[in-house]
Structures are given as C-alpha cells and as structure tokens.
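Working notes for the structure below.
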Amino acid sequence: MPLVRKPSSPAEMPTPDVRKWSKLLADGSDDERWDAARSATLLPDALAVLTDALARERVPRVREAIFTALAKIGSSESAAVALPYLRSDDASQRTAALDALRAMPAAAAEHLPQLLEDTEADVRLLACEIARWTPADHASRMLGELIERELNTNVCAAAVEVLAEVGNAASVPILARCAARFPEDPFLIFAVKVARDRIGSR
Amino acid sequence: MSDFSRKRVLIIDDAALIRTYYRSALETRGFVVEEALNGLEGLEKVLLQPFDLAIVDINMPRMDGITFLYALRSKELPVSGIPVLVISTEAGVHDAAAARRAGANYYLVKPVKQETLAQYAAVFCGVPR
Amino acid sequence: MAETPPLITEEEFQKLADFLYRRTGMVFTETKRYYVERRIADRIVATSSQSFAGYFAYLRSEVRDEVEHLINAFTVNETYFYREDHQLACLTTDLLKERVAAKEPGDTIRIWSVPCSTGEEPYSIAIWLLENWREVDAYDIEIVGSDIDTRVLEAAAEGMFGKRALMRLSPELIGRYFHGLDDERWRILDDLRQSVRFSRVNLIETKDTRPQGRFDVIFCRNVLIYFDDESRRIAAENLYDNLLPGGFICLGHTESMSRISPLFEVCRYSGAIVYRRPRELRA
C-alpha cells in the first residue's frame, strides 16, 4: 500500500537574485521577466523600472504581473502608470489596465476627477466604472455632475448603470433631465427608468 | 427539460443593465437567454451548454471580447462555430476590423434598439419571420 | 421579542443580486427569491443595519467579513471525505491521463490541496487514487496539504475524524483505510497519515507558496471567492507559479476564474470546468 509516498523535500524552485531583477525585466526570458516583475516591488526604483517594463512588454501574463506589482504598491503614482493604458487601441490592454486599477481602488479614485473630464469619451466611460469603487455618496455626486454636462450617450449610460447601484435622492432629477435630453436613445431611456426604480422612494 | 424549438442566446457584457435590456428584447420573442459578464465566463458557459448565438461586448474585465473571440474560434466544433454578434461602444473602423479578424460574424455600435437586436438574433439563429 | 426584519423590495433584491453576481458569479433565480430574502433579512439584523440601504452601503464598503458572511449564508461549507467527488473522478479519468502522457513510469506526480482544512481533501485524494487509479503503482505520488490555520493543520496531521466527515464513504472504505477508536472517532491508517505532507501557507504570500514547489494538479476550492481583488490577483499568480506547464487547477464548483484571473486556460472535462497553466511551446 505505501504507493503514496511522503514527500521528503519539495521540488526546488530557483529564487530570483535581487540585483539581477532590473536586468531580467529588460532582457530575460518570458519566465524570467514574469518572476522579476512579481518581485520588482522590492526594488528601490520600482516605479520607474515597472513603468519602462510596461511600455516594452508584449507578453500578456508578464504585463499582468507588472500591473499586479503596480497594484501592490497601490499609490497614486503607481495608479498613474496604469492610466495611459486605458486609452490603448488594444482591447486587452484596456482591460488589463482597468483590472489593475480595480485592485488599487483608493489609488485609482484619486485620479477620478480628471478622468471624468477627459477629452476622450472612452476614458470617461471607463472612469464611471472606477467611480463604482468609491463610497456611494461620493460616486453619486461625481457621476451626477458628469451626466449634467455629458454629450456622449454611451458615457451617460455607463454613469446611469453605476447610479442604479449607488444613486441617492439627489440623483433622481439628474437622471430625469438626462432622459429628457436624449429621447432618441432607447437604451438610455431604459437604463434611466431602471435606475430611478432602484433608487426608489425609500 | 429543454424546448428544442427555442433558440439559445448567450449575452456577454459587463453592464448588468445592458444584459437586462437585451434579455427583455429576446425573451419576449421566445429566445432562451443566458448571461455572462466577461469573456472568460462566456467561454465557460459555451463549453458547458449549447448556444445558437453569442452577443458579445468588447470592453470587459478579465477577458475582453476580442480575446474571447480568438479563444472561442480555437476550440473544437460545435463550440468554435457559434455565430457571434459584437455590440460595442467602440465606433472606430479599426475596432470592427479587429473584431472581424478575431472571428466576429457581425459588428454593431451601441446603442442598439431592442427591435433591431431581435431581428439580428432571428437572422443569426435561423428563425423564420 | 425578535426584531421584525424589514421587507425587501423587488428593486432592492435586484441591486443585491447584481452585486453578488458580479462579485461571486452566484445567480439567484425567481424560484429562490423567498430563500434569498430571508438570508438577507438575517444579515440586516445581524449587522444591526437600520434598513436594506444601510446594509447595502455596509456591504459595498468591502468590509471583508461581511461579504464573507453573506456568501456563507448561501453556501454549504462543511468539509467531509469525498466531497465534490465528481472532481476526484475528473482527476483520474482526465487530468492524470493528460499529465502522465509526457511522463515515464517512476516519475513523480505532485498534487496540492490548498486550503486543506482538517485534512479531508488531501486524504480523500489519496484514498481515491488508491481505489480508482489503475496506474497508481506506476508513479511516485506526492500529496501536499496546506492551510493558513495551524490548528486545522495539527488536526489534519492527527488524522482523526468523526461520523459526519466519513458519511460519504462506504463501510468497506472505512474498514480499509481507518481504524475505529470508538463509536464516534476513526483514525486514518498511519501509512496514509504519513504520506501526506502538511504545511502552513498563506496563499497571498509568495514566500509561503514558492517553497511548496510545482504541481501537476492543484485543488484550491472555496477560498479565492472570499478574497478582495488585489488578493485574488496575487493568489492567482502564486498558484500559476506553483503549477507545472500544462498543470491543472480545480476551484470549488460554484467558483470561476472569470471573477479571479485571466492567467489560466479554460478546459472542459467530463462536464466540469477545469483551468490549466498553458503548456510550454517546444523551442
């Protein structure tokens, strides 16, 4: 019966060498760059190193690891490194950047005001999702202000989607005005109704 | 107990209200609707159950619509052959081209009327008018 | 006198259902409506929230304990031998077959159960393999059980179990792999007890996970769903690191990587979803 043996010692995995991490992030194999990215938070100039690495990196899981390192740092500055990728032409980069910010919601929230005022509709739209991670009253206020000035209906719809979850009484007239401004947008009309029902009278 | 005459549609979009909007458009016309909120969940659902059509967004967490399409088309039949209608906020020419390259059958830009959605679904599912 | 829990409106129910679906993948259908409302009402009372709105705000603030309490209200968290045995069946029918395709007889197969709690899962794997895998003699099988809680690890190493833990095992299996101490307790045989290595591991700490080495199959059930977004990412990366290329990871049957990480490939085996670290491309 003793066919199932007690393991004496586990298979050894090499421990990366701190001094070599910067170099490995630049020149190593996929596995080496992945390992180095995961440990890079310990480098003194981690933010600069990760910023450069992210700009160069093409392999998705290494990019993920770099984003995770930025999330571990979790500062306003590390969130700022992820932000430009929200504008990428590559859908997977946009997704990766937003997921990274999702893992550092407080740091991401510090950038919310300017994201909600960005000249690109795509960025304002993603910013509505970032607002969801902030306290409800704060999110309601910011998204309410956005909707009042927003001309792009898809951005309005993204804001309404979040208000359906976090909106309060002050949101209701804002939502009504939005629907009145865009009577031709069938989804927006639908979404405003749902949001108003969910905010309700309680 | 499944009703073999009813077509099954999978809606893959991270916005709950979009899914509700599409669901209400399709259910009233007799489609059976399932939901997923990102490409990865969508992939899991198509692997476990049969579908006649997938309606897919582009910008979603964990796995975007383009990545979903490449993964879907790399699976085996019949899963890899599911018709995919992409409905996205991305209105650029290169966005539709990227979706086509990844294997989308058609591309619409949001917002889409419920009636329009139902018509496209009927065409893709082979439902007679 | 018991407090009267507040009535939950349709819209409030939808709000919570959407939140839970996004967070965990759990879907609440109309048929479960009354059951769900009762559980929510219990949590509102338990948290001394004045209303659903107050409770929902508390839940949203990601005080981790509350999300965990709410998820626990909807899941059965008992551990026992041969729990989710369809995954054990998948292990022998599909996963090990794939893994040994590139192995020689005498090679090692490493399986990780994390969290292992009081040991039911790793010992179940051992018993299942001995009972159901024809090639069990052909390979060196290492089973590791890990948990963050040293008390459960001590209990696991002791290998003593009560009736409830053994309820899915036939009398034959119990007779074969345990000896009874009295009517209430059984101890797993020494041979099996000594063939599982237990270790303390926090899944978020690479310094804990890395030394466990690389595995062919990992069972990581019903723990990731409780982590916040940052911790899930880190844990998923650690688990990826602990998998051999082409190795498999199984989550709890209501869990999905779609809420956790994009690193793994999705595979379907025997009607179940299993995740895989991509195989290495041959140079």
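Considering only region C:247-277, state which residues are of a type in the set (A, V, I, L, M) and either in contact (Cβ under 8 Å) with a residue 40 or more places away in the chain or in a loop (DSSP other than H, G, I, E, B) (or both).
Within region C:247-277, C:L251, C:I260, C:L263, C:A272, C:V274 meet the criteria.
Tally time: how many residues in region B:72-104 are buried (at least 17 other Cβ atoms within 10 Å of the Cβ), in contact (Cβ under 8 Å) with a residue 12 or more places away in the chain and not β-branched (V, I, T)?
Count: 12.
Which ones in region C:213-244 are within 29 Å of C:R60 (Cα to Cα) and within 11 Å of chain A (Cβ to nearest Cβ)?
C:F227, C:D228, C:D229, C:E230, C:S231, C:R232, C:R233, C:I234, C:A235, C:A236, C:E237, C:N238
Kindly evaluate A:R61 against the criterion of being within 11 Å of chain C (Cβ to nearest Cβ), of a type in the set (D, E, K, R) and either in contact with a helix residue (DSSP H, G or I) (Cβ under 7 Å, 6 or more places away or on another chain) or without any contact (Cβ under 8 Å) to a residue 12 or more places away in the chain (or both).
So A:R61 fits the description; yes.
Of the conditions (1) of a type in the set (F, W, Y); (2) within 14 Å of chain C (Cβ to nearest Cβ); (3) touching a Pro at 6+ places or on another chain (Cβ under 6 Å), B:Y70 satisfies every one except a single condition; which number is it?
So B:Y70 meets the others, but not (3).
What is the one condition in (1) in a loop (DSSP other than H, G, I, E, B); (2) in contact with a strand residue (DSSP E or B) (Cβ under 6 Å, 6 or more places away or on another chain); (3) at pLDDT 95 or above that C:E280 does not satisfy?
(3)
If I filter region A:129-140 for residues that are crowded, with 23+ Cβ neighbours inside 10 Å and away from chain C (no Cβ under 14 Å), do I get at least one hit?
Scanning region A:129-140, I find no residue that is crowded, with 23+ Cβ neighbours inside 10 Å and away from chain C (no Cβ under 14 Å), so the answer is no.
List the helices (runs of 4 or more DSSP H) that sit entirely inside region C:1-118 and contain at least 2 residues that are at the interface with another protein chain (Cβ under 10 Å from one of its Cβ atoms).
Those helices (runs of 4 or more DSSP H) span C:10-24, C:52-60.
Just to be sure, is A:A121 surrounded by 24 or more Cβ atoms within 10 Å (Cβ to Cβ), out of contact with any Phe, Trp or Tyr (no Cβ under 8 Å at 6 or more places or on another chain), within 30 Å of B:A99 (Cβ to Cβ) and outside the structural domain of A:L50 (by TED's automatic domain parsing)?
no
If you take just the strands (runs of 3 or more DSSP E) that sit entirely in region C:142-214, which of them hold at least 3 residues that are surrounded by 14 or more Cβ atoms within 10 Å (Cβ to Cβ)?
C:185-188, C:196-200
Need pairs with beta-carbon distance below 6 Å; first residue surrounded by fewer than 19 Cβ atoms within 10 Å (Cβ to Cβ) and within region C:39-52, second part of a loop (DSSP other than H, G, I, E, B); sequence gap 6+ or separate chains.
C:A41/C:P5; C:V45/C:E3; C:V45/C:P5; C:S51/C:P6
Considering region C:53-74 alone, what residues qualify as being among the hydroxyl-bearing types (S, T, Y) and surrounded by 14 or more Cβ atoms within 10 Å (Cβ to Cβ)?
Within region C:53-74, C:Y55, C:Y58 meet the criteria.
Can you tell me how many residues within region A:42-58 are without any contact (Cβ under 8 Å) to a residue 24 or more places away in the chain and touching an Asp or Glu at 6+ places or on another chain (Cβ under 9 Å)?
Number of matching residues: 0.
For the subset of region A:164-191 comprising residues that are within 10 Å of another protein chain (Cβ to nearest Cβ) and among the aliphatic types (A, V, I, L, M), which member is surrounded by the most Cβ atoms within 10 Å (Cβ to Cβ)?
Across region A:164-191, the extreme among qualifying residues is A:A191.
Cβ-Cβ under 6 Å, sequence separation 6+ or interchain: first residue in region A:97-118 and within 14 Å of another protein chain (Cβ to nearest Cβ) and of a type in the set (D, E), partner crowded, with 21+ Cβ neighbours inside 10 Å and part of a loop (DSSP other than H, G, I, E, B). Which pairs?
A:D99/B:P61
In region C:225-238, what residues are farther than 19 Å from C:K207 by Cβ and part of a helix (DSSP H, G or I)?
C:I225, C:Y226, C:D229
Return the residues of region C:169-206 that are within 12 Å of another protein chain (Cβ to nearest Cβ), among the basic types (K, R) and under 30 Å from C:E237 (Cβ atoms); say none if nothing qualifies.
Answer for region C:169-206, where residues must be within 12 Å of another protein chain (Cβ to nearest Cβ), among the basic types (K, R) and under 30 Å from C:E237 (Cβ atoms): just C:R197.
Please specify each residue of region C:131-146 satisfying the condition of being within 24 Å of C:I174 (Cβ to Cβ) and more than 7 Å from chain A (Cβ to nearest Cβ).
C:E131, C:N132, C:W133, C:R134, C:G145
Where in region A:24-97 are there helices (runs of 4 or more DSSP H), lying fully within it, with 2 or more residues that are farther than 30 Å from B:E90 by Cβ?
Here the list reads A:30-39, A:46-56, A:60-73.
The values are calculated or read from the model by the stated rules, or taken from the named source; none is laboratory data. As the structure is a prediction and not an experimental result, all values here were calculated from the model. Backbone-built Cβ (ideal geometry, glycine too); neighbour counts: all protein chains shown.
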